[in-house]
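For reference, the structure is listed below as structure tokens.
What follows is calculated from the coordinates using simple rules that are stated; it is not laboratory data. Since this is a predicted model, take the numbers as computed values, not measurements. Note that we place each Cβ from the backbone using ideal geometry, even for glycine, and neighbour counts take in every protein chain shown.
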Amino acid sequence: MCYDAFKIRFTRCAGFIAIGVMAFVSVELLGQQVDQPQKKGVVSMKSFGALGDGREVTLFTLEVPGGWRATITNYGGILTSFTVPRRDGKPIDIVLGFDSIEGYLAGHPYFGATCGRVSNRIAEGAFDLNGKKYTLAKNNGNNHLHGGIVGFDKKLWKASERMTADGPAVDMEVVSSDGDEGYPGNVTAKVTYVLTWTGELRIAMSATTDAPTIINMVHHSYWNLAGHASGTIEGHELQVQADRYLPVDAGGIPTGMMAEVAHTPFDFRQPAVLSKSIQALPASSDNTNPGGIDHNCVMRNWKPDGVSRMIAMLKDPLGGVTMEILTDQPGIQVYTGNYLDGTIKGKEGAVYAKHSGICLETQKYPDSIHHSDWPTTVLNPNETYRHTMAFRFTK
């Protein structure tokens, strides 16, 4: 495949850079060249404010024709908005978040964040590796959650934008020093967001280390396919390619068992309305457990071959937006926004109440470091951790 007749336009104004690309693409098929339609895309960047220490935060915009638009900030590698066209053509923003950096700095439940080093929970905030015990920051009761107090979601990533053959993209990189939040090894983590010409959002994560450590990064968007300000996702339909799930204890730590989803609220083998499962998992009488789903589902027939396969499908029956999720990871955490309580005001003044969004986090299983028979989260020098996911839409 060759690419010719590229025209690149640069636009500069105060704090704003935009790159527009128009490309005629020639594809060689069986010795013939076939000209494909002209493609137009925009990748831009502007200031998103500053951190308390004065460091500037950047907001990147990826846009392709048809009403598809994603904005990402290099603070936390966060997807701040994702606009898609509904069945009637109306554009809607389908991820929860904030209009400015101040909302993210004030504290939030990982809206759109890149979480790491290890996402989800690690029991008792400690693990043994190669005969040595490591104690991590505890930020979820007695457990470690999403990389600790200052995980990847609270770091300022080095970032740059580019135009690719698949669409506009932004690349981000962060260095986590040895001892960061208690983890061993100096780790370099990377994430790339690509918005393809067909409106598919692709996210590729990777990491390397100079000493044995553990890595399990996730993308933590809260999705609401009716629009971020539309209220509950209980009317959404969910399908997950999983016959088993991981039961958890009162602290959200997997028990080590794998249970069949049949005849449980976690049975999404066929598309099912979320409300039924949410209502079957009520809050505890003492309110220590808010109820709802917050469990890892085990991908059916997963293989450690690096190939992405469809693991889940989410649909808003009213607006007609359907999202398919593809990944090369063995599990997916289904979390129905149980801790959202209406105290957070997001974009455009939206109030995010309980179940206003659903997280679908592709991952290795939570607390895997304590279960040697599960896919490993251990990363050694001269190895590269990789995690890919794609969010594909139909109407």
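Observations on the model:
- Taking amide H as placed 1.01 Å from N in the peptide plane, Gly231 has no amide H partner under 5 Å among residues 5 or more places away or on another chain.
- Charge-dipole axis of the chain as Lys and Arg at +1 and Asp and Glu at -1 on Cβ define it, positive-most pick from Ala390, Gly292, Ala242: Ala390
- Candidates per trypsin sites (Lys or Arg not before Pro) in segment 37-94, loop by DSSP, up to 11 other Cβ within 10 Å: Arg55
- Given +1 at the Cβ of Lys and Arg, -1 at the Cβ of Asp and Glu and no other charges, the dipole of segment 42-395 around its Cα centre is 520 debye to the nearest 20.
- In Hz, Karplus ³J(HN,Hα) per residue of segment 98-110 (6.51, -1.76, 1.60; θ = phi - 60°; x = Gly, Pro): 10, 7, 9, 5, 4, x, 6, 6, 6, x, 7, x, 6
- Listed by chain and number, the aspartates and glutamates placed with their C-alpha closer than 17 angstrom to that of Lys395 are Asp88, Asp93, Glu200, Glu237, Asp316, Glu324; residues fewer than eight positions away on the same chain are left out.
- Candidates Ala350, Ala126, Ala262, ranked by Gaussian network fluctuation over the chain, Cα under 10 Å, top entry: Ala262
- Phi angles across segment 143-156 convert, under the Karplus curve 6.51 cos²θ - 1.76 cosθ + 1.60 with θ = phi - 60°, into 3J(HN,Hα) values of 10, 9, 10, 6, x, x, 5, 10, x, 4, 5, 10, 9, 8 Hz, Gly and Pro given as x.
- Separation of the alpha carbons by more than 22 angstrom is noted, of Lys155/Lys190; Lys276/Lys354; Lys158/Lys303; Lys40/Lys90, for Lys158/Lys303.
- All Cα-Cα distances of segment 42-395, cut into 20 Å bins from zero to the largest, leave 31, 62, 7 percent in each bin in turn.
- For Val118, the residues whose amide H sits under 5 Å from its own are Gly147, Asn216, ignoring neighbours fewer than 5 places away on the same chain, with H placed 1.01 Å from N.
- Couplings 3J(HN,Hα) of segment 320-335, computed from phi: x, 8, 10, 10, 9, 10, 10, 7, 9, 8, x, x, 9, 7, 9, 10 Hz, in residue order, whole Hz [Karplus 6.51 cos²θ - 1.76 cosθ + 1.60, θ = phi - 60°; x for Gly and Pro].
- Chymotrypsin sites (Phe, Trp or Tyr not before Pro) restricted to segment 317-352 and DSSP loop, no more than 13 other C-beta within 10 Å: Tyr339
- The GNM of the chain, with springs linking C-alpha atoms under 10 angstrom apart, assigns the highest mean-square fluctuation among Asp341, Asp128, Asp210 to Asp128.
- Helical content alone sets the calculated 222 nm signal of the chain at -500 deg cm²/dmol, taking -39,500 (n - 2.57) per DSSP H segment of four or more residues and averaging over every residue.
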